[in-house]
Every structure is written in structure tokens, then in C-alpha cells.
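**Student:** Just passing along the structure, written as C-alpha cells.
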Amino acid sequence: MNITNNAPYCIDTKPVLLRFGAVLTMAARATGLWFVLAITSAFNVLVAWQTRATQRRQLADQSAHILRDMGMTRGDAIRESGKPFWRV
């Protein structure tokens, strides 16, 4: 896993999820259950968006002391919390 450059406290899980997704896609195609995979994938995206929105809202509410402990400035927190939930 890689640490993303724009948010040092976020871990980039895309490589792991892409490999896992590829395995699921092959299994779904082999068994003919592609619609189950599609519904599961859509649900996972919605859960990720909700989690991201909640975390960004909480980040915006943190005190300067907590932000300093995380290695962030108030500007970093405002910039990160201002992103739309669909943007990583």
C-alpha cells in the first residue's frame, strides 16, 4: 500500500482493491453472477463515499491541537474537508 502525497494520513488501497476486484470479476463471469458483483460494487462505492464524507466532516471539526498531532495545519484540514465526497 502507498501513502498518498496530498493527504499523509490516508493510505491508498487502490492496488489491493483492484486486484481483489479483478478476482471477483473473473469469478462472477465464470459463475454467471455478474449482477451480484455489480450490486456489491455499487454498495461498496456508496459505503466508501459515506465514510469519506463523514471523515471529512469530522476533520473540519478538529481543534488546532489535534490537527498539529496529525501533522496538519488548519489550511490542510479546510482544503481536505472542502473536497467533494467522490474525490479521493
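**Student:** Take Ala30 and Phe43, extend 7 Å from each Cα along the Cα→Cβ direction, and tell me the distance between the two endpoints in nm.
**Tutor:** Calculated label separation equals 2.2 nm.
**Student:** Another question about this same structure. What is the spread of the Cα atoms of the range 34-88 along each of their three principal axes, largest first, in whole Å?
**Tutor:** Rounded to whole Å, the extents work out to 48, 16, 15 Å.
No value in this document is a laboratory result; all are computed from the given coordinates. Being a predicted model, the structure only gives us computed values, none of them experimental. Cβ: placed from backbone, ideal geometry, glycine included. Neighbour counts: every protein chain shown.
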